[in-house]
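Taking it in order: structure first as structure tokens, then the write-up.
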Amino acid sequence: MMPWEEWVEQLRRDRTLLPDRLALLVETDDAELETLLANAARSVARLHFGNGVYVRGLIEVSNYCRNGCYYCGIRSANRGLQRYRLNKVQILECCRIGYSLGFRTFVLQGGEDPLQTDDFVEEVVSAIHTIWPDCAITLSLGEKSRESYERFFRAGASRYLLRHETYDSAHYRSLHPPGMSRDNRLRCLDDLKSIGYQTGTGIMVGSPGQTVNHLVDDLLFIQRFRPQMIGIGPFLPHHATPFAHEPAGNLRQTLRLLSILRLMHPLALIPSTTALATLSPEGRTRGILAGANVVMPNLSPSSLRSNYALYDDKACLGAESAEGIAQLQSQLESIGYRIDWGRGDFGDV
Ligand code: SAH
């Protein structure tokens, strides 16, 4: 018998654990351990956030991308994809619909689209900020220069999501094409944080070649970096990528990691991700029961949504969509939670 109870309690109390113990929590497929982790993580989340779950409206602004990440379905080499790029009017229309539904955070996510220039992003952010000054604007547009991040921040963006994907440089190289590096990713994250963004980072669980030691390094990196937001979801294959035939990440391991991250970062904003909801019908609710406190329904124009195909069968309907907010509401109620419509700025809890 492993002393799971003692270790989980230690993790909750100290917000950290020795690396070899973390490794065992990450790799051990044990129902009793999972219940202990989820219960502890959930009670920490409830202490700080009650039974509220924040919602963020996700607007996928472009599926053009100059990069060729081996896992990602919108990589430039994928010729089988209908490409789209939203213009300013379309993005503002998504926000208008979202605002009337009650959203007070908009997340603009996209591929690294050279034609959505810094001028364009600045103009759109500034327009959203002027029209809806009570809303938070989150960007997730990939790697940019410090100057670009500064311009977007001055225009009114206050949050940025950029997963580090994996802390190990060699593993990073095995997931990304030449020209992309772990070090540049970390440079971006340091820039974002020092500019003053509420910064989000995170990983895919079960990406090809990932080991338990990589995951422990990821946990320890996140602990040192202290992001305000942490995104974690299973790797899911996309048929038109080099990883088409790789297995999907493991649901239970993803949930264990989510709970560990909650215990290490009691106040962090941790979404129950679309990838989790895609992997399993109960993915979203299980994420919340494992300590997540955010969901990000899709606000993109419904006719274009299926083209933002990061992986196969990506969920974008029902409770995963802005139109399905009532469905999300009842799903949350069925597990004793409710939507919190607040901006949920880090630090104002
Ligand atoms: N261009 C932006 C947005 C990328 S998409 C950026 O680089 O940050 C957002 C996240 O989706 C990525 O960070 C990655 O972790 C995740 N993702 C991409 N492809 C995926 C796949 N096949 N399975 C699971 N998650 C994936």
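Just one of (1) out of contact with any helix residue (DSSP H, G or I) (no Cβ under 7 Å at 6 or more places or on another chain); (2) assigned to a loop (DSSP other than H, G, I, E, B) fails for E143. It is (1). Is at least one residue of region 290-300 more than 15 Å from the chain's Cα centre (by Cα), surrounded by fewer than 23 Cβ atoms within 10 Å (Cβ to Cβ) and more than 14 Å from the ligand (Cβ to nearest atom)? Checked region 290-300: no residue is more than 15 Å from the chain's Cα centre (by Cα), surrounded by fewer than 23 Cβ atoms within 10 Å (Cβ to Cβ) and more than 14 Å from the ligand (Cβ to nearest atom).
Pairs meeting the criteria (first residue in region 248-273 and closer than 23 Å to S321 by Cα, second residue modelled with pLDDT under 95, beta carbons under 8 Å, at least 6 apart or on different chains) are L269/G344; L269/F346. The number of residues in region 249-279 that are of a type in the set (G, A, S), within 19 Å of A45 (Cα to Cα) and in a loop (DSSP other than H, G, I, E, B) comes to 2. All of (1) more than 16 Å from the ligand (Cβ to nearest atom); (2) touching a helix residue (DSSP H, G or I) at 6+ places or on another chain (Cβ under 7 Å); (3) not in a loop (DSSP other than H, G, I, E, B) hold for F106 with one exception: (1).
Checking the structure you have, find out if any residue of region 152-163 is hydroxyl-bearing (S, T, Y), touching a Leu at 6+ places or on another chain (Cβ under 9 Å) and not in a helix (DSSP H, G or I). The answer is yes, given that some residue of region 152-163 is hydroxyl-bearing (S, T, Y), touching a Leu at 6+ places or on another chain (Cβ under 9 Å) and not in a helix (DSSP H, G or I). Residues that are surrounded by fewer than 16 Cβ atoms within 10 Å (Cβ to Cβ), in contact with a helix residue (DSSP H, G or I) (Cβ under 7 Å, 6 or more places away or on another chain) and touching a residue at least 12 places away in the same chain (Cβ under 8 Å) within region 303-348 comprise D313, I335, R338, listed in sequence order.
A quick yes/no check of all residues on (1) surrounded by 18 or more Cβ atoms within 10 Å (Cβ to Cβ); (2) within 12 Å of the ligand (Cβ to nearest atom):
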position	(1), (2)
A136	yes, no
E143	no, yes
R146	no, no
R159	yes, no
L162	yes, yes
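Taken together, E320, E333 contain a single residue that is of a type in the set (D, E, K, R) and over 16 Å from the mean Cα position of the chain (by Cα), which is E333.
Exactly one of (1) buried (at least 21 other Cβ atoms within 10 Å of the Cβ); (2) within 22 Å of G287 (Cα to Cα); (3) more than 10 Å from the ligand (Cβ to nearest atom) is unmet by R226. Its number? Result: R226 passes all but (1). On the basis of being aliphatic (A, V, I, L, M), more than 12 Å from the ligand (Cβ to nearest atom) and in a helix (DSSP H, G or I), does L219 make the cut? So L219 fits the description; yes. Just the residues that are of a type outside the set (A, V, I, L, M), within 16 Å of the ligand (Cβ to nearest atom), in contact with a Phe, Trp or Tyr (Cβ under 9 Å, 6 or more places away or on another chain) and farther than 14 Å from E60 by Cα, please, taken from region 110-130. Matches in region 110-130: P114, D118. Is there a residue being touching a residue at least 60 places away in the same chain (Cβ under 8 Å) and more than 11 Å from the ligand (Cβ to nearest atom) anywhere in region 201-210? Within region 201-210, not a single residue is touching a residue at least 60 places away in the same chain (Cβ under 8 Å) and more than 11 Å from the ligand (Cβ to nearest atom). Cβ-Cβ distances below 7 Å connect the following pairs, each with a first residue in region 148-173 that is on the phi > 0 side of the Ramachandran plot, a second residue that is at pLDDT 95 or above and aromatic (F, W, Y), and a separation of six or more residues or different chains: E165/Y172. For region 165-201, taking the residues that are of a type outside the set (K, R) and under 20 Å from P247 (Cα atoms), the one that is surrounded by the most Cβ atoms within 10 Å (Cβ to Cβ) is identified as T166.
The values are calculated or read from the model by the stated rules, or taken from the named source; none is laboratory data. Since this is a predicted model, take the numbers as computed values, not measurements. Using ideal geometry, Cβ is built from the backbone for each residue, glycine included, and neighbour counts are taken over all protein chains shown.
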